[in-house]
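The values are calculated or read from the model by the stated rules, or taken from the named source; none is laboratory data. Computed from a predicted model, the values in this text were never measured in an experiment. Don't worry about glycine lacking a Cβ; one is built from the backbone with ideal geometry, like all the others, and counts go over all protein chains shown. These accessible areas exclude ligands, DNA and RNA; they are computed on the full protein's heavy atoms, side chains included. Shrake-Rupley method; radii C 1.70, N 1.55, O 1.52, S 1.80 Å.
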Amino acid sequence: MSIRALLLIALLLVVFVFGGAALSLYIDALWFQEIGYLSVFTTRVATQIELGAGVGAALFGWLALNVLWAARRRLTLLPPPWSVMLANRPIRPLLIGAALIVGVFQGLQAAAQWQEFLLFRHPTAFGQPDPLFGRDLGFYVFTLPFLSTIKGWLLLATGLAIVASGLLYIANQEIRLDPTRVIVAPTARRHLFGLGALAALVVGWGYRLDQYQLLYSQRGVAFGALYADVHARLPALQVLVVLAVAVALVLVFSATRRGWILPIAAAATLPVAGLVGGSVLPDLLHRFQVLPNEMVMERPYIEHNIRMTRFAYGLDHVEAKEFPASDRLSAQQVAANPLTTKNIRLWDHRPLLATYRQLQQIRTYYDFIDVDNDRYVIDGELRQVMISPRELSYKNLPSRIWINEHLTYTHGYGVTLGPVNRVSQEGLPEFFIKNIPPVSSTSIIVKRPEIYYGELPNDYVFVNTTAKEFDYPAGDTNEYATYTGEGGIPVKTFLHKAAFAASFGTMKILLSNDLTSESRIMINRNIQDRVAMLAPFLRYDQDPYLVITNEGRLVWIIDGYTTTTQLPYAFPVRGVGNYIRNSVKVTIDAYDGRMSAYISDPDDPIIRAYDAVFPGLFHPLDEMPDDLRAHLRYPQDLFTIQSHVFATYHMQDPQIFYNKEDLWNIPQKGERDMEPYYTIMKLPGEAREEFILMIPYTPAKRDNMAAWLAARADAPHYGKLIVYLFPKQKLVYGPRQIEARIDQDSAISQQLTLWTQRGSQAIRGSLLVIPIEDALLYVEPLYLAASESGALPELRRVIVAFGNQLLMEPDLETALARLFGARPPESRTTDAVATPSRAPEGTTAILSQSALEHYRKAQRFVREGNWEAYGSELRRLEQALEELAKRP
């Protein structure tokens, strides 16, 4: 095969490999231009080209120089068949081609390090030194990772040069074996020994960098450099740096002299010294000097680990307060906290999601995939609500043809929104917003209900086409709409159509007569993919949530995190790293896809570095519209990480930490840890209620409560963490103990067994621990659903515990009245559980009304011949009458 044929094959390979990449870059450029962040794209691509081309060219030049030097003599002494193949062909073009291929592939790998390179070029000081070397933490986050990458590139370059040159010298018999010795030509010896000296210097520099890597040691009782690392491994690495330089000098000295003993002995010194100094001596020191008195020897390093870990996860400013967990709570105290009791969440996410799907899905091609907690001011009161968007499910379309999926059915429609505690007489949730088009019973109005960008879209859709765009169903007919927003990329030219046709692998885009000069294509419609495209250097929360603005628009909010694995002494969390900050809040308009990123933690050095790299990408949080800022939540993913770390790192005394004397656990429900939950309550000592995220703790291997951690989400206290500590000398029931008491209660067990025997399924909701004043209230909802799949869960009972009292009632209102011996004030009765229009003056009146309704329903089912429903209503009538019989 000729050289020309080889070059042609290489060219075709390049076109095949890079053609798709070029198309992808073109599509990405159009998308970034659409969203108004083209400079972000150009900065990233320019950095990738700069880094990839620089590293690839440098490696190519280095390898080409070495192989050409090694092959400066013709390879005439090759054994068959290579001598026959290459005898009459120039070898240099092949060697240069091989070096070029290596350089290209290494350049591609180097381009993937663009984020690391940009942080290296824009370091930001943390203003805090590391405990061992006194360097600013910014050195470890921004500089050290790229220096380690450079070291890897240098080792690769020298290693490839040694291997390639050595093979060429062997092929040319400048290195050959005689029966008694190895013969190396002087030029080959000088060349290879020079490369070996260079490699030794790179290894020595690596030992210097490895000294900093000791700060990430995981060999002892705490994360980070411990006694043996500091007093054995660190001196050993310092000696190895000197030895590496000495080995390089020995190789240079031996390059012009005969003999192999000195260079071989010098080269063997490094691994032997590394083994002794890096493993043997530290292990001996740890076994015979540290272990006999480990706590005393490791105490300062444990202190470093505690301090740096608390800083890394934002736990260094957690405010600790005592919580007495009083056994006394009066009806007057409960009545003094109306917003707390009104906002106790009785609807769990999973049962509520199933109920929403049954009641509000409307059509099979709609779906609810998540329910989110938020708060709104309704009728002058702060109310916790559950909100869920009604998205279009493309897999459930009646006909999945291309026109339907990409031109006709383009968007979801509207939301369901309801209070967390309101239940109808049928045990179903009430709605503030429901149906299609959205109908609202409050001042919260949805004026732009279309959801083009969400959590459940397809790859792409076209708008402003000649095809009818489905808007929403209206009885037996459908309503159609014309898109009036600015979202999407114009497809005016043939080039645009051809590019998208190639990108999505369909000729229908080119051949469709429905596309006009006004048509737009919407891509990257999944909001998680959308933010990851815009800022891939951030991690994103798994639970985006939807907000209804004052203008009636639907806007997504996603929390973004800056993370690193490079903070010294900080304990790492698997899959996260050992540093995290909720530094960014991203908003996405569900109608036109507009995105805005706001810096929520300006003190974070990592986000300040990225802000310098991408000017104009981030905005101060003060620029976020007020109606969106009012709905910012403390992110649950971050709080989950913090709460798990804090379970260990609340212990700040090294002695207690070492002995794990006060280790906490997250309570478990079944086999899973209890999830943090949002609620509205008045924190102890505060003047008003606020939206918080909280989680309780239990001591390790115990089930009683030890503390609870709260994250505040309302201004001006947003982001502050408070831990409330229970008295150690007092038993405070934990969630599992309350669950055990529920299981042991004969009345509750009998009712659950009865429901199960009648073909129903009793679903126990999440147990919530609700602090009121200086006491704790435990609330667990109980749902009833048919055993078959697709059943409609109904909230049928509420279990409430306080102190040693435990009871189950049809609603929270009744339970509170029975627990505290007095009915809550009328001002909050209408919102506690029952429907406002069905709230007569007394609890007895409510039960009487309920019994009458069940009787009427039973009579109606008799007339209809629906005997199963008739029996169900009779059972409910019986329950209501039993409750009435208990009344005085």
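Specify the residue that is most open to solvent (accessible area, probe 1.4 Å); the eligible residues are those in region 684-694 that are in contact (Cβ under 8 Å) with a residue 40 or more places away in the chain and assigned to a loop (DSSP other than H, G, I, E, B).
So the residue we want is 685.
Inspect region 200-213 for any residue being at pLDDT below 95, more than 23 Å from residue 308 (Cα to Cα), out of contact with any His (no Cβ under 9 Å at 6 or more places or on another chain) and open to solvent by 40 Å² or more (accessible area, probe 1.4 Å) and give the result as yes or no.
No - not one qualifying residue is present in region 200-213.
Residue by residue, here is whether (1) open to solvent by less than 40 Å² (accessible area, probe 1.4 Å); (2) on the phi < 0 side of the Ramachandran plot holds:
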site: 144; (1), (2): yes, yes
site: 160; (1), (2): no, yes
site: 171; (1), (2): yes, yes
site: 177; (1), (2): no, yes
site: 224; (1), (2): yes, no
site: 233; (1), (2): yes, yes
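Within region 479-538, work out how many residues are under 30 Å from the mean Cα position of the chain (by Cα) and basic (Lys, Arg).
The total comes to 2.
If residue 651 satisfies all but one of (1) open to solvent by 30 Å² or more (accessible area, probe 1.4 Å); (2) at pLDDT 95 or above; (3) more than 22 Å from the chain's Cα centre (by Cα), what's the number of the condition it fails?
(1)
Within region 97-151, take every residue that is acidic (Asp, Glu) and in contact (Cβ under 8 Å) with a residue 24 or more places away in the chain and give me the one that is nearest to residue 68 (Cα to Cα).
Here the residue is 116.
Can you tell me which residue is surrounded by the most Cβ atoms within 10 Å (Cβ to Cβ) among those in region 467-500 that are touching a Lys or Arg at 6+ places or on another chain (Cβ under 8 Å) and free of Cβ contacts under 8 Å to residues at least 60 places away in the same chain?
491
Could you identify the single residue in 620, 568, 605 that is open to solvent by less than 10 Å² (accessible area, probe 1.4 Å), more than 21 Å from the chain's Cα centre (by Cα) and more than 30 Å from residue 412 (Cβ to Cβ)?
Among 620, 568, 605, only 568 is open to solvent by less than 10 Å² (accessible area, probe 1.4 Å), more than 21 Å from the chain's Cα centre (by Cα) and more than 30 Å from residue 412 (Cβ to Cβ).
Please verify whether region 253-260 includes one or more residues that are closer than 17 Å to residue 228 by Cα and open to solvent by 50 Å² or more (accessible area, probe 1.4 Å).
No, that holds for no residue.
Across region 312-333, what is the number of residues that are assigned to a loop (DSSP other than H, G, I, E, B) and either touching a residue at least 60 places away in the same chain (Cβ under 8 Å) or within 30 Å of residue 417 (Cα to Cα) (or both)?
Residues flagged as assigned to a loop (DSSP other than H, G, I, E, B) and either touching a residue at least 60 places away in the same chain (Cβ under 8 Å) or within 30 Å of residue 417 (Cα to Cα) (or both) within region 312-333 amount to 13.
For (1) farther than 29 Å from residue 139 by Cα; (2) touching a residue at least 12 places away in the same chain (Cβ under 8 Å); (3) in a helix (DSSP H, G or I), each residue gets a yes or a no:
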position	(1), (2), (3)
210	no, yes, yes
231	no, yes, yes
236	no, yes, yes
250	yes, yes, yes
253	yes, no, yes
256	yes, yes, no
282	no, yes, yes
288	yes, no, yes
310	no, yes, yes
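Within the bounds of region 274-282, is there any residue that is of a type in the set (A, V, I, L, M) and crowded, with 18+ Cβ neighbours inside 10 Å?
No: region 274-282 contains no residue that is of a type in the set (A, V, I, L, M) and crowded, with 18+ Cβ neighbours inside 10 Å.
From (1) under 30 Å from residue 383 (Cβ atoms); (2) open to solvent by 10 Å² or more (accessible area, probe 1.4 Å), pick out the condition that doesn't hold for residue 699.
Against the list (1) under 30 Å from residue 383 (Cβ atoms); (2) open to solvent by 10 Å² or more (accessible area, probe 1.4 Å), residue 699 comes up short only on (1).
Name the residue that is nearest to residue 137 (Cα to Cα), counting only residues in region 179-199 that are assigned to a helix (DSSP H, G or I) and open to solvent by 50 Å² or more (accessible area, probe 1.4 Å).
198
Considering 249, 214, 177, 167, which residue is under 30 Å from residue 278 (Cα atoms) and more than 37 Å from the chain's Cα centre (by Cα)?
The match here is 249.
Restricting region 721-730 to residues that are at pLDDT below 95 and either in a helix (DSSP H, G or I) or open to solvent by 40 Å² or more (accessible area, probe 1.4 Å) (or both), which is farthest from residue 631 (Cα to Cα)?
Filtering first and then ranking leaves 729.
Does region 565-594 hold any residues that are of a type in the set (D, E, K, R) and in a loop (DSSP other than H, G, I, E, B), and which are they?
Matches in region 565-594: 574, 592, 594.
Would you tally the residues in region 334-366 being more than 20 Å from residue 421 (Cα to Cα) and of a type outside the set (Ser, Thr, Tyr)?
So the count comes out to 3.
Could you pull out the residue among 141, 202 that is of a type in the set (A, V, I, L, M, F, W, C), touching a helix residue (DSSP H, G or I) at 6+ places or on another chain (Cβ under 6 Å) and farther than 27 Å from residue 92 by Cα?
That would be 202, the only listed residue that is of a type in the set (A, V, I, L, M, F, W, C), touching a helix residue (DSSP H, G or I) at 6+ places or on another chain (Cβ under 6 Å) and farther than 27 Å from residue 92 by Cα.
Got a sec? Which of 733, 697, 718 is over 21 Å from residue 804 (Cα atoms), aromatic (Phe, Trp, Tyr) and either part of a strand (DSSP E or B) or touching a strand residue (DSSP E or B) at 6+ places or on another chain (Cβ under 8 Å) (or both)?
It is 718.
Of all the residues that make up region 595-638, how many are assigned to a helix (DSSP H, G or I) and within 29 Å of residue 574 (Cβ to Cβ)?
The number of residues fulfilling the criteria is 11.
So if I check each of 220, 206, which one is among the small types (Gly, Ala, Ser), under 37 Å from the mean Cα position of the chain (by Cα) and not in a helix (DSSP H, G or I)?
Answer to the check: 220.
Output the number of residues of region 361-374 satisfying the condition of being in contact (Cβ under 8 Å) with a residue 40 or more places away in the chain and open to solvent by 10 Å² or more (accessible area, probe 1.4 Å).
Number of matching residues: 6.
List every residue pair whose Cβ atoms lie under 7 Å apart, where the two residues are 6 or more positions apart in sequence or sit on different chains, the first residue falls within region 743-764 and is under 18 Å from residue 669 (Cβ atoms) and open to solvent by less than 40 Å² (accessible area, probe 1.4 Å), and the second residue, located anywhere, is β-branched (Val, Ile, Thr) and at pLDDT 90 or above.
Listed by first residue and then by second, the contacts come to 748/742; 748/799.
Does residue 562 meet the test of being outside any strand (DSSP E or B) and of a type in the set (Ser, Thr, Tyr)?
Judged against the criteria, residue 562 is not a match.
Please state which one of 369, 403 is assigned to a loop (DSSP other than H, G, I, E, B) and out of contact with any strand residue (DSSP E or B) (no Cβ under 6 Å at 6 or more places or on another chain).
After ruling out the rest, the residue left standing is 369.
Which condition from (1) outside any loop (DSSP other than H, G, I, E, B); (2) surrounded by fewer than 22 Cβ atoms within 10 Å (Cβ to Cβ); (3) modelled with pLDDT under 75 is the one that residue 789 breaks?
Here residue 789 clears every test but (1).
Suppose we keep only residues that are in a loop (DSSP other than H, G, I, E, B) and basic (Lys, Arg) within region 700-715. Which one would you say is modelled with the highest pLDDT?
If we take residues in region 700-715 being in a loop (DSSP other than H, G, I, E, B) and basic (Lys, Arg), then 702 is modelled with the highest pLDDT.
For region 540-554, give me each residue that is open to solvent by less than 10 Å² (accessible area, probe 1.4 Å) and either touching a helix residue (DSSP H, G or I) at 6+ places or on another chain (Cβ under 8 Å) or more than 30 Å from residue 412 (Cα to Cα) (or both).
Scanning region 540-554 gives 541, 544, 547.
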